[in-house]
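Presented below is the structure to which this report refers.
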Amino acid sequence: MAAAIGVSVPVLRFLLCLVATIPVSFLWRLVPGRLGKHLYAAGTGALLSHLSFGFSSNLHFLLLMLLGYASMVLFRSRCGIITFLLGFGYLIGCHVYYMSGDAWKEGGIDATGALMVLTLKVISSAINYNDGQLKEEGLRETQKKNRLIKLPSLIEYIGYCLCCGSHFAGPVYEIKDYLDWTEGKGIWSRSEKGPSPSLYGATIRALLQAGFCMALYLYLVPHFPLSQFTDPTYQEWGFLKRLGYQYMSGFTARWKYYFIWSISEAAIIISGLGFSGWTESSPPKPRWDRAKNVDILGVEFAKSSVELPLMWNIQVSTWLRHYVYERLVQKGKKPGFFQLLATQTVSAVWHGLYPGYIIFFVQSALMIAGSRVIYRWQQALPTSMGLVKKIMIFLNFAYTLLVLNYSCIGFMVLSLHETIASYASVYFIGTILPIILILLGNIIKPAKPVRSKARKEE
């Protein structure tokens with residue numbers, strides 16, 4: 001079966017367990033009692049991990065979870081930073097030991113990917129418990145919403161971390177939401193106004209999306225292999241053909257992630273956890289934002305690089321914004337390039353220590369900063385110059401398309417030599433262009449658009 005679909009046996013085992021999270025998540029709804037649900041969430045998560053990655057994976061997961069929980073019990077006032085350092089330290093150690101990126105390129109897989117998701121859950125739990133003892137006045141809205149006043153029990157904590165195999169590919173969600181969902185509180189309360197949302201339509205949509213994504217990926221991948229970048233014939237091509245091949249390589253690779261995230265989305269929706277409230281339309285429709293990890297059309301047709309973190313790996317981007325980016329901003333000051341670069345660096349380290357990851361996320365910071373310059377110029381144009389504004393919007397779209405697919409080659413090939421070679425083959429256009437825009441942005445500073453008095457008061 002593995003040979004029939006062109007994957008290795010370990011990858012097939014992972015895919016089968018990933019798909020199994022859908023019925024496992026559905027059955028969670030039938031388990032009686034809060035304790036029963038926590039035990040089921042933890043037990044099924046551990047079983048799926050064992051079947052997919054082997055016995056050692058659960059030892060890694062257990063050690064990481066216990067490190068986080070111990071810091072919450074023993075050092076509440078510092079448990080956030082302690083768990084952040086311990087969690088990332090342990091993850092980096094596993095990245096170095098397993099060098100999983102090489103395995104992934106060769107068709108293998110290990111538990112490191114699941115450990116990455118688990119690390120974010122463990123860290124956010126500790127930070128939210130840390131926030132629980134702070135005064136509300138100095139907290140942001142997300143901190144107020146997610147903070148933990150009371151320490152969760154160990155089984156609640158492990159149930160959250162391993163819930164029905166959601167650590168396989170995400171999405172990352174908050175422990176407060178998990179506890180409310182399990183206990184039938186908040187938007188999951190039976191006393192809440194409005195009917196219970198139907199899960200099946202949204203689940204079927206996610207499954208159809210997954211099937212389309214896998215079919216397209218399997219069709220494209222033989223035509224655009226990464227090995228082409230080291231083939232001598234690639235260097236013989238003209239500039240535009242090489243640039244076009246980079247675009248198609250990035251485009252092809254993304255459908256693999258779209259497939260995996262669509263499956264995980266279906267699992268979270270069918271469990272009920274993915275429900276995030278009702279729209280304000282008439283009649284109201286259920287929203288499933290908590291389950292969503294990607295907006296495919298939003299990524300492929302992003303008008304600006306700034307939009308990409310809101311469309312790609314959405315829940316991890318949200319985690320990085322809440323637990324890294326916003327917490328680096330000093331009170332009374334605006335975030336700048338330092339906060340952006342630091343956040344992208346944390347994201348790079350989270351993925352692994354391969355040069356390709358580091359370069360890609362530094363490139364991402366440059367790409368976003370350059371896109372912001374174009375947007376500022378566009379916003380400064382008067383309303384009478386509607387055509388010029390539309391041209392600027394198109395230029396930002398084209399810039400995003402070019403730099404994104406140029407940059408993501410490093411994410412895919414990983415090695416320093418291959419990354420530099422692929423960038424050099426198109427004369428580092430995706431690096432030079434953002435830098436030029438950033439420099440020009442410091443020279444050509446358009447006047448800020450005039451805002452109304454009412455808008456200023458807002």
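Computed over the chain, relative contact order equals 15 percent, with contacts defined as Cα pairs under 8 Å that lie 6+ residues apart.
Hey, got the dipole for the chain? About the Cα centre, +1 on K and R Cβ, -1 on D and E Cβ, debye to the nearest 20? Mind showing how you got there, number by number?
Working: 43 positive and 25 negative charges, 334 e Å.
The calculation lands at about 1600 debye.
Couplings for the range 282-290, taken from phi via the Karplus curve 6.51 cos²θ - 1.76 cosθ + 1.60 with θ = phi - 60°, read 10, x, x, 10, x, 9, 10, 4, 5 Hz in order; Gly and Pro are left as x. Accessible surface ranking for T400, T318, 1.4 angstrom probe, highest first: T318, T400.
Using a probe of 1.4 angstrom and keeping all protein chains present, the accessible surface of the range 201-310 works out to 47 square angstrom per residue. Ordered by 1.4 Å accessible area with all protein chains kept, H95, H223 run largest first as H223, H95.
Checking the Cα-Cα distances for K241/K292; K144/K303; K145/K292 against a 27 Å cut-off, the pairs over it are K241/K292; K144/K303. With contributions of -39500 (n - 2.57) from each DSSP H run of at least four residues, the per-residue ellipticity at 222 nm computed over the chain stands at -21500 deg cm²/dmol. Between D180 and L74, the simple spin-label model (points 7 angstrom out along Cα→Cβ) gives 3.3 nm. Multiplying the residue separation of L62 and L139 by 0.36 nm and removing their Cα-Cα distance gives an extension gain of 24.6 nm.
Taking all protein chains together and rolling a 1.4 Å probe, S56 ends up with roughly 60 Å² accessible. Shown for the chain: the carbon plus sulfur share of the solvent-accessible area, taken with all protein chains present and a 1.4 angstrom probe, equals 67%. Phi angles across the range 60-65 convert, under the Karplus curve 6.51 cos²θ - 1.76 cosθ + 1.60 with θ = phi - 60°, into 3J(HN,Hα) values of 4, 4, 5, 4, 4, 5 Hz, Gly and Pro given as x. At a Förster radius of 22 Å, what calculated FRET efficiency corresponds to the Cβ-Cβ distance of R376 and A398, to the nearest 0.05? Efficiency, from the Cβ-Cβ distance: 0.80. The distance between label points at K150 and E236 comes to 7.2 nm (points 7 Å beyond Cα on the Cα→Cβ vector). Remark on Y354: its backbone amide H falls under 5 Å from none of the residues 5 or more positions apart or on other chains, H modelled at 1.01 Å from N.
Once the chain from S198 to F224 is taken as fully extended at 0.36 nm per residue, the excess over their C-alpha distance is 5.4 nm.
Ranked from largest to smallest solvent-accessible area, with a 1.4 Å probe on the protein heavy atoms, T345, T279 come out as T345, T279.
Each residue of the range 77-84 is assigned a 3J(HN,Hα), and the resulting list reads 5, 10, 5, x, 5, 4, 5, 4 Hz, derived from the Karplus form 6.51 cos²θ - 1.76 cosθ + 1.60 (θ = phi - 60°), x at Gly and Pro.
Calculated FRET efficiency, L39 to A424, Cβ-Cβ distance, R0 = 56 Å: about 0.55 to the nearest 0.05.
The values are calculated or read from the model by the stated rules, or taken from the named source; none is laboratory data. Source: prediction; values computed, not measured. Every residue, glycine among them, receives a Cβ derived from its backbone with ideal geometry; neighbour counts consider all protein chains shown. Accessible surface areas use protein heavy atoms only, side chains included; no ligands, DNA or RNA. Shrake-Rupley method; radii C 1.70, N 1.55, O 1.52, S 1.80 Å.
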